[in-house]
Amino acid sequence: MKRKRSFVLDEKDDKAVQLFSELGMPKNLAKTLMYISQMPECRSADVEQGADLRQPEVSVAMQEMRRRGWAKKRDLKKKGKGRPVHIYKLTKQLPDILESFEKEKMKQVETIRTDLNDLHKLIKEYKQV
C-alpha cells in the first residue's frame, strides 16, 4: 500500500484483488478487504478514497464483511448534528479470512466434482445413437 495524501492500494494489492476476483469474490469486496486489512481501523470515506470505490460500493462490501464475521463497525458521533461516521475494523487477520474463503471455494469444487460425476453416470445410461 502506498501513501499519498491517504493510503491507496498499490500493484501488490491490485494483484491480490485480481486473484480474489478470479476466484469468485466480488471485486468491490476484495478491494475493501485489501484496504482495511492494512489499517488498524478506518472510516468508510478512507476506504472510498484508498480503494477507489463509491460510498454505496463500500457500504455493500462492508455489510458482506460483517455478515461473514470478518469485520465490525462502530459509529463515531460528530459534534453537533449529522450522521455518525462509520469506523471499520477487521475482526480476523487476513490469513484467517483467506483460509475461510479457501474452505468455501473447496466446498464448491467438491460440489461441482460430485455433480459432474453424477452427470457422467446419467449420460452413460442414454443409448448411443
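The values are calculated or read from the model by the stated rules, or taken from the named source; none is laboratory data. Just so it is clear, the structure is predicted and the values come from calculations on it, not from any experiment. Counting neighbours? That spans all protein chains shown, and the Cβs are built from the backbone with ideal geometry, glycine included.
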Practice problem: Starting from the range 12-30, take each residue that is within 21 Å of LYS107 (Cα to Cα) and in contact (Cβ under 8 Å) with a residue 60 or more places away in the chain and list its partners that are small (Gly, Ala, Ser) and not in a loop (DSSP other than H, G, I, E, B), counting only C-beta distances under 8 angstrom and pairs at least six apart or across chains. | Solution: PHE20/ALA30
Quiz item: Is it the case that GLU48 is crowded, with 16+ Cβ neighbours inside 10 Å, within 28 Å of LYS103 (Cα to Cα) and among the acidic types (Asp, Glu)?
Solution: no
Practice problem: Specify the residue that is nearest to MET62 (Cα to Cα); the eligible residues are those in the range 72-129 that are surrounded by fewer than 10 Cβ atoms within 10 Å (Cβ to Cβ) and small (Gly, Ala, Ser). | Solution: GLY82
Quiz prompt | Any hit, the range 1-8, residues being over 14 Å from LEU90 (Cβ atoms), in contact with a Pro (Cβ under 9 Å, 6 or more places away or on another chain) and among the β-branched types (Val, Ile, Thr) | solution = no
Quiz item: Which condition breaks for ALA30 when tested against (1) within 18 Å of LEU9 (Cβ to Cβ); (2) at pLDDT below 95?
Solution: (2)
Quiz item: Looking only at the range 62-108, which residues are touching an Asp or Glu at 6+ places or on another chain (Cβ under 7 Å) and among the hydroxyl-bearing types (Ser, Thr, Tyr)?
Solution: TYR88
Quiz item: Out of the range 47-67, which residues are free of Cβ contacts under 8 Å to residues at least 12 places away in the same chain and closer than 10 Å to ASN28 by Cβ?
Solution: ARG54, PRO56
Quiz item: Would it be correct to say that LYS103 is part of a helix (DSSP H, G or I), over 13 Å from the mean Cα position of the chain (by Cα) and without any contact (Cβ under 8 Å) to a residue 12 or more places away in the chain?
Solution: yes
